[in-house]
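**Q** Pasting a structure here, questions to come.
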Amino acid sequence: MAPHHVTAHVTDPVHPSGPHPTDGSVNGVPIPSRPGRAVPADGELPEELGVFASSDDLRAVAEASGLRQMGVRPPLGEYIRSVWARRTFIRTLGNAKAYARNQGSYLGQLWSVLTPLLNSMVYVLVFGLLIKSTRGVTNAIAFIVVGVFMYRFFDSSVSSGARSIKGNLSLVRSVHFPRAVLPVSTTVTELATLAPAIVVMCLISWTSGLLPEYADVPITWRLLLLPPAVLLMWVFNTGCAFMVARWVAITPDLENVIPFALRFVFYASGVLFSVTHYAGHGPIAHLLNYQPIAVYLNLARSAVLDEPTIPVDGVMWIFGAGWAVLFLLVGFFIFWRGEERYGRD
């Protein structure tokens with residue numbers, strides 16, 4: 001029996017009544033030729049698979065049509081542009097999560113302020129009044145309150161970032177989008193939650209200066225440095241969220257270790273005591289003073305308080321900017337490297 005050929009007529013969108021002349025192409029997409037095989041012409045397709053001779057041809061036509069293979073990590077530059085293009089969605093998602101938080105309780109959004117406030121009261125009572133761990137500072141209440149509020153911002157960002165992929169597996173597996181959107185949106189949520197808490201933090205600090213035995217906390221130009229300090233800490237938190245999101249998505253058991261690591265960082269960062277007063281000025285003191293969390297606590301305290309031992313320090317600002325940029329770049333790169341694995345492990 002003589003071999004036959006399958007002839008396909010490609011419809012012309014302008015003249016639908018007749019065949020569209022093609023020269024080795026389908027719908028205007030060229031079919032690549034290979035040595036030893038003639039390229040079909042005039043819409044005539046090879047009979048292998050009924051349409052194309054091999055998967056290489058299918059891939060070439062798909063790529064020429066702008067289609068992309070699923071489950072493949074995109075180039076870094078393209079990935080960054082894809083995330084940036086969704087910045088409005090990230091902001092909207094983060095704000096929506098912040099609004100939805102605690103909606104099922106009677107006090108609702110007040111818990112965003114009450115939680116760090118109650119924690120501060122406990123720490124002030126135990127460490128500021130009973131143990132007196134805040135030796136070396138002139139206003140223990142304001143010192144602890146600023147430390148607790150700012151550290152909770154870091155703690156919540158890392159904890160939420162760790163759950164950003166694992167807690168949204170149904171979304172990850174059903175919708176195609178850059179997964180970096182999820183950890184960024186969690187830190188945006190924490191930033192939106194921090195805004196009213198910052199106001200309460202400043203009010204408590206100023207009010208504490210009216211109490212006897214506590215130094216005054218005046219309102220000065222240094223308060224203008226608080227928003228940049230918070231912004232730098234948010235950038236740093238976002239980098240940390242990228243890291244833990246990847247690690248927990250690949251190794252879920254790490255989620256149980258993160259609270260212990262955060263507790264260790266809490267007590268090693270001078271949240272409740274002055275590092276300089278207890279560690280002195282040796283190598284250990286410099287290590288504790290210039291590690292990232294201690295740096296951001298120092299920046300916030302120098303903006304709000306009037307502590308002689310915590311002046312506005314340009315070196316601290318350089319370290320704060322450096323830690324923020326370093327962790328954001330490294331964290332984003334680490335997260336991007338695992339893009340094709342999220343939702344598949």
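The values are calculated or read from the model by the stated rules, or taken from the named source; none is laboratory data. Just so we're clear, the structure is a prediction, and the values are computed from it rather than from any experiment. Using ideal geometry, Cβ is built from the backbone for each residue, glycine included, and neighbour counts are taken over all protein chains shown.
**Q** Got a number for residues in region 145-162 being within 16 Å of residue 229 (Cα to Cα) and of a type in the set (D, E, K, R)?
**A** The total comes to 1.
**Q** Any idea which of 246, 179, 173, 222 is of a type in the set (Lys, Arg) and within 28 Å of residue 138 (Cα to Cα)?
**A** Only one candidate qualifies: 222.
**Q** What residue, of 155, 216, is touching a residue at least 12 places away in the same chain (Cβ under 8 Å), of a type in the set (Asp, Glu) and farther than 16 Å from residue 237 by Cα?
**A** 216 is the lone residue from the list that is touching a residue at least 12 places away in the same chain (Cβ under 8 Å), of a type in the set (Asp, Glu) and farther than 16 Å from residue 237 by Cα.
**Q** Would you mention how many residues in region 275-289 are touching a residue at least 40 places away in the same chain (Cβ under 8 Å) and either exposed (fewer than 15 other Cβ atoms within 10 Å of the Cβ) or within 26 Å of the chain's Cα centre (by Cα) (or both)?
**A** Total satisfying the criteria: 1.
**Q** Right, something else. Report, by residue number, each residue of region 189-219 that is charged (D, E, K, R) and assigned to a loop (DSSP other than H, G, I, E, B).
**A** 213, 216
**Q** Residues to consider are 170, 159; find the one that is assigned to a helix (DSSP H, G or I), on the phi < 0 side of the Ramachandran plot, exposed (fewer than 14 other Cβ atoms within 10 Å of the Cβ) and not acidic (Asp, Glu). Working first, answer last.
**A** Values: 159 fails: exposed (fewer than 14 other Cβ atoms within 10 Å of the Cβ).
Being assigned to a helix (DSSP H, G or I), on the phi < 0 side of the Ramachandran plot, exposed (fewer than 14 other Cβ atoms within 10 Å of the Cβ) and not acidic (Asp, Glu) holds for just one of 170, 159, which is 170.
**Q** With in contact with a helix residue (DSSP H, G or I) (Cβ under 8 Å, 6 or more places away or on another chain), closer than 16 Å to residue 243 by Cβ and charged (D, E, K, R) as the only criterion, which of 301, 341 stands out?
**A** Within the list 301, 341, the selection yields 341.
**Q** Of all the residues that make up region 169-208, how many are of a type in the set (Ser, Thr, Tyr) and under 20 Å from residue 120 (Cα atoms)?
**A** Quick first cut of region 169-208, residues of a type in the set (Ser, Thr, Tyr) only: 170, 174, 185-187, 189, 193, 205, 207-208.
Now restrict to residues that are under 20 Å from residue 120 (Cα atoms): 193, 205, 207-208.
Counting residues in region 169-208 that are of a type in the set (Ser, Thr, Tyr) and under 20 Å from residue 120 (Cα atoms) gives 4.
**Q** Going by what's in this entry, would residue 227 be described as assigned by TED's automatic domain parsing to the domain that holds residue 180 and free of Cβ contacts under 8 Å to residues at least 12 places away in the same chain?
**A** Against the criterion (assigned by TED's automatic domain parsing to the domain that holds residue 180 and free of Cβ contacts under 8 Å to residues at least 12 places away in the same chain), residue 227 qualifies.
**Q** Same structure again: Looking only at region 177-186, decide whether some residue is assigned to a helix (DSSP H, G or I), touching a Phe, Trp or Tyr at 6+ places or on another chain (Cβ under 6 Å) and modelled with pLDDT of 90 or more.
**A** Within region 177-186, the subset assigned to a helix (DSSP H, G or I) is 181-186.
From the residues that got through so far, the ones that are touching a Phe, Trp or Tyr at 6+ places or on another chain (Cβ under 6 Å) too are 183.
Then drop every residue that is not modelled with pLDDT of 90 or more, which leaves 183.
Scanning region 177-186, I find at least one residue that is assigned to a helix (DSSP H, G or I), touching a Phe, Trp or Tyr at 6+ places or on another chain (Cβ under 6 Å) and modelled with pLDDT of 90 or more, so the answer is yes.
**Q** Looking only at region 290-345, filter to residues that are of a type in the set (Ser, Thr, Tyr) and more than 20 Å from the chain's Cα centre (by Cα); which one of those is farthest from residue 201 (Cα to Cα)?
**A** Within region 290-345, the match that is farthest from residue 201 (Cα to Cα) is 290.
**Q** Okay, next question. Got at least one residue in region 322-340 being more than 28 Å from residue 249 (Cβ to Cβ), part of a helix (DSSP H, G or I) and of a type outside the set (Phe, Trp, Tyr)?
**A** no
**Q** Suppose we keep only residues that are farther than 17 Å from residue 240 by Cβ and out of contact with any Ser or Thr (no Cβ under 8 Å at 6 or more places or on another chain) within region 262-274. Which one would you say is surrounded by the most Cβ atoms within 10 Å (Cβ to Cβ)?
**A** This residue is 270.
Let's see how each residue does on (1) part of a helix (DSSP H, G or I); (2) modelled with pLDDT of 95 or more:
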site	(1), (2)
232	yes, yes
264	yes, no
288	yes, no
309	no, no
344	no, no
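**Q** For the condition under 24 Å from residue 239 (Cβ atoms) and hydroxyl-bearing (Ser, Thr, Tyr), what is the one hit in 186, 207? I'd like the intermediate steps shown before the answer.
**A** On the way: 207 fails: under 24 Å from residue 239 (Cβ atoms).
None of the other options fit; the residue is 186.
**Q** Scanning region 290-307 for residues that are of a type in the set (S, T, N, Q) and assigned to a helix (DSSP H, G or I), which turns out surrounded by the fewest Cβ atoms within 10 Å (Cβ to Cβ)? Don't jump to the end; show me each part of the working.
**A** At the first step, the residues of region 290-307 found to be of a type in the set (S, T, N, Q) are 291, 298, 302.
Those left that are additionally assigned to a helix (DSSP H, G or I): 298, 302.
Details: 298: 28, 302: 22.
My answer is 302.
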